[in-house]
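Okay, so here's the structure we're looking at.
The values are calculated or read from the model by the stated rules, or taken from the named source; none is laboratory data. These numbers come from a predicted model, not from an experiment. Quick reminder, even Gly has a Cβ in these numbers, built from the backbone with ideal geometry, and neighbours come from all protein chains shown. Remember, those area values only see protein heavy atoms, side chains included, never the ligands or the DNA or RNA. Shrake-Rupley method; radii C 1.70, N 1.55, O 1.52, S 1.80 Å.
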Amino acid sequence: MNDSADGPVNAAPLTPTPAAVPPPELLDLPDGYLLRRRTLADAPVVNAVIVRNIDYLRPWMPWAKDVPSLARSTEMTKAGWQLWENRTDFLYVISHRDEPASVLGMFGLHRRIGPGALEIGYWVAKEHTGRSLATHGAAALTEAALALPDVDRVEIHCDEANAASAAVPRKLGYRLDRVAEEAATAPAETGRKLIWVMERADRTV
């Protein structure tokens, strides 16, 4: 898991440039799972899954310090919807086709790392780990992001101590570009952030 979830809770380090076109609102995953655009109707389920997983999320997610109220989750869901409309952030939930209103975790594409690039964030609820959902979701978002006309680089950021999160870009063939020293923002973080990069094949040297 890395820092993407209950909406835009952290200020971006720079002003995002709107995307030329948005990614698809629905992405199919293996075994009947799917990523779908997070909607306003998801707020109660989003709140419930975060509350249920708060102790699991707190070590790695700065926004998980406090248990969110339903009003807070509703506020952030509305903000996330507007960011999609603004084409600066694209927030998804992972569901299964048999239960399309379910929320098994959350994913995002974020235009906060500069022009021509998107950052992928993700987390999967503890009860649904062990099914490669983070890997499959990140793979689908990587493909969708690199298909956008103004994107030639996708990044995944995670703390050095977060081995489970780092396994995802490693499995997908991302390269470890660098280790950035940053102040720790969550209890389990070391302050050493791994920056994983995938570039469009037709734009690499």
Exercise. Are there GluC sites (Glu not before Pro) in region 124-205 that DSSP puts in a loop and that have at most 11 other Cβ atoms within 10 Å, and which ones?
Worked result: none
Problem set entry | Mean Cα-pair separation over length for region 104-195, i.e. relative contact order, pairs under 8 Å, 6 or more apart, % | 24
Exercise. Just how far, in whole angstrom, is region 127-205 from region 98-124 if you go by their alpha carbon centroids?
Worked result: 11
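Can you give the extra length, in nm with one decimal, that the chain gains between residue 96 and residue 161 once fully stretched, where that is 0.36 nm per residue apart less the Cα-Cα distance?
20.4 nm
Given +1 on the Cβ of Lys and Arg, -1 on the Cβ of Asp and Glu, and no further charges, what dipole in debye does the chain carry about its Cα centre, rounded to the nearest 20?
60
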Exercise. With each pseudo-label sitting 7 Å past Cα toward Cβ, what's the residue 188-residue 82 distance in nm, one decimal?
Worked result: 3.3
For this session: Using a 1.4 Å probe and counting only protein heavy atoms, arrange 52, 111, 175 so the residue with the most accessible area comes first.
Result: 52, 175, 111
Exercise. So, with a 1.4 angstrom probe, what is the percent of accessible area on region 86-205 that is carbon and sulfur?
Worked result: 50
Problem set entry | Per residue accessible area of region 86-165, 1.4 Å probe, in Å² | 33
Exercise. Could you sort 141, 70 by accessible area so the largest value comes first, with the probe set to 1.4 Å?
Worked result: 70, 141
For this session: Quick one: compute the contact order of the chain, relative version, from alpha carbon pairs under 8 angstrom and 6+ residues apart, as a percent.
Result: 24
Seminar exercise, completed: Which of (1) 1.34; (2) 0.94; (3) 1.06 is the computed Cα Rg over 2.2 N^0.38 Å? It is (2)
For this session: Could you work out how far apart the two model spin labels at residue 25 and residue 176 are, taking each label as a point 7 Å from the Cα in the direction of the beta carbon, and quote it in nm?
Result: 4.0
